[in-house]
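Report on one structure; see the data block that follows.
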Amino acid sequence: MALCFWRITRQFLENNPPENRLDIPMSYSQYPYLSYNSLFHIATVVTVPRDLHEIAASQLRREIMNSIEEYLAVHRPDAVGTIVDSGSVKEKIRDGIYSHSRKQPDAVFKYISTGFGLAITVAIEVGSSETYTALRRDKNLWLDGHHAKVCLLICFKESPRFRNPRRPYGNIDAKEEIEKMSLLANESMQSRFGPISYRNHKWLGELKEGFIEVWRHDGVVRYPLIEKGQQCDPLPKNIGLRIRDFYPNEAWQVANIPDGDILINGTVFMKHIKSAIIATAVARFSDFVLP
């Protein structure tokens, strides 16, 4: 659908004068957003992400933000609120090699303070193994374009990759089938990370690998979450983030705050990932069987 949308949009832009309008009928689940990388002259069309994508970003963002605020509440209470987090806000680069690029992060942390303005310090991008190369390209945009200090990549490998059935089902009670499929999906997730099958079709392949990569200007460290379909033990609690990562260098020099680790609860994070996997499979099935 994304490729079809882009072909239609490109033809419209190439063959029509200004002040024309193009309306394309599509469901919300197919609705795309655009980003643009000016260095490589690449426009990216992305359809609405599923729960696995969204929850992975939002839960890691929540874990990090909780740790930041707990740390500041102890070491510098008046600094609480200077570091804020957000997601799905399109950011534009105004200068440098990525000038005019636009990117909507999966999550981003910003430092906001009188005298230092606003600065993006840490970004989060989520994807699958099939888009890992694109994730690394996005990472460069945040580090080199927005001058962020850290970019976190969350990546999962789903095998086999999901495809809708080739033929629609016959007359079925969609509501009843979705309820049955949801129960089966929960049962399928007791010990592993998929696959989830229903009516002889895989609605989610097995997550055989998952990891968080922490990228900085001088290198990367990978923290495994899933290996060979099994949850890693132990899960990471420290992924190398420090409180100073969330401050611009100039602001940190005058912050008068002791540096310290920003921690996450890997066990809680992975419980949310399991719930997101189930929700993703059920949503895929629902979209297919509902008119």
Q | Solvent-accessible area of Tyr98 with every protein chain in place, 1.4 Å probe, in Å² to the nearest 10 | A | 10
Q) What is the ratio of the Cα radius of gyration of region 54-126 to 2.2 N^0.38 Å, where N is its residue count, to two decimals? A) 1.22
Q | Long pairs among Lys202/Lys271; Lys139/Lys237; Lys110/Lys228; Lys92/Lys208, criterion Cα-Cα beyond 25 Å | A | Lys110/Lys228; Lys92/Lys208
Q: Using only the alpha carbons of region 53-176, determine the length spanned along each of the three principal axes and report them from longest to shortest in whole angstroms.
A: 64, 38, 22
Q. What's the center-to-center distance, using Cα atoms, between region 103-117 and region 193-258 in Å?
A. 20
**Q.** Student exercise, region 105-218 dipole from Lys, Arg, Asp, Glu Cβ charges, in Debye to nearest 20
**A.** 280
**Q.** Heavy atoms of Leu290: accessible area, 1.4 Å probe, square angstrom to 10
**A.** 80
Q | Computed lengthening from Asp233 to Glu179, 0.36 nm per intervening residue step minus Cα-Cα distance | A | 16.2 nm
Q. Which three extents, in whole angstrom, do the alpha-carbon atoms of region 143-291 cover along their principal axes, largest first?
A. 67, 33, 23
Q.
Show me the three semi-axes of the equivalent ellipsoid for region 134-223, from the C-alpha gyration tensor (sqrt of 5 times each eigenvalue), largest first, rounded to whole Å.
A. 38, 15, 11
Q) Under a point-charge model restricted to the Cβ atoms of Lys and Arg (+1) and Asp and Glu (-1), what is the dipole moment magnitude of region 134-291 relative to its Cα centre, in debye to the nearest 20? A) 540
**Q.** Accessible area, probe 1.4 Å, largest first, for residues Ser101, Ser129
**A.** Ser129, Ser101
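The values are calculated or read from the model by the stated rules, or taken from the named source; none is laboratory data. As the structure is a prediction and not an experimental result, all values here were calculated from the model. Don't worry about glycine lacking a Cβ; one is built from the backbone with ideal geometry, like all the others, and counts go over all protein chains shown. For accessibility, only protein heavy atoms count, side chains too; no ligands or nucleic acids. Shrake-Rupley method; radii C 1.70, N 1.55, O 1.52, S 1.80 Å.
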